[in-house]
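The block underneath contains the structure these notes are about, expressed in structure tokens.
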Amino acid sequence: MIFFAIDAEGKFTLSEGRALEKLGLRGGQNVGKSIFHLYGKYPEVIRDARRALAGEEFSCLAELPDVGLSFETHWSPIQTPDGRTSGAIGVAVDVSERSTNERARNEAETLYQNLVEQLSAVTYIAELGLEDRKSVV
């Protein structure tokens, strides 16, 4: 799990949690650095940070394919008393194994469905062949 906070400009003010190790980071290492710079190669992460900084609270799946990780992330804007967004906080949970298992399950289901569809055609053709032999005999 990773706990993080960014200010209105997107600079980390908090970055803690064990899952940071999977990213090759230590707690607090990102503090003072821009999320837009650090995660610029992940358009979904940038889009999500902008949504939170625009005042939207939401949950999403962030996939980092080059490191083989997926995070279920909840973003929540930080509001000033006058209603302006002054930053955002978030919690990211590593769901990489679940995502991998879901992809494998989906691939297996697709293969099974293709097999069943092909098997139906083969069975139908075989049945036609049997019928033809019966009528000849």
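A few notes on this one:
- For the range 65-73, backbone phi angles converted through the Karplus equation (6.51, -1.76, 1.60; θ = phi - 60°) give residue-by-residue couplings of x, 5, 10, x, 10, 9, 10, 7, 10 Hz, Gly and Pro being listed as x.
- Taking amide H atoms as placed 1.01 Å from N in the peptide plane, the amide H of Ile78 lies under 5 Å from those of Ser86, Gly87, Ala88, Ile89, each 5 or more residues away in sequence or on another chain.
- For the range 48-63, 3J(HN,Hα) computed residue by residue from phi via the Karplus equation (6.51, -1.76, 1.60; θ = phi - 60°) reads 5, 4, 5, 4, 5, 6, 7, x, 9, 9, 6, 10, 7, 9, 10, 9 Hz, glycine and proline entered as x.
- Taking amide H as placed 1.01 Å from N in the peptide plane, the amide H of Gly55 sits under 5 Å from none that are at least 5 places away or on another chain.
No lab work stands behind these numbers, since they all come straight from the coordinates. Just so it is clear, the model here is predicted, and its values are computed rather than measured.
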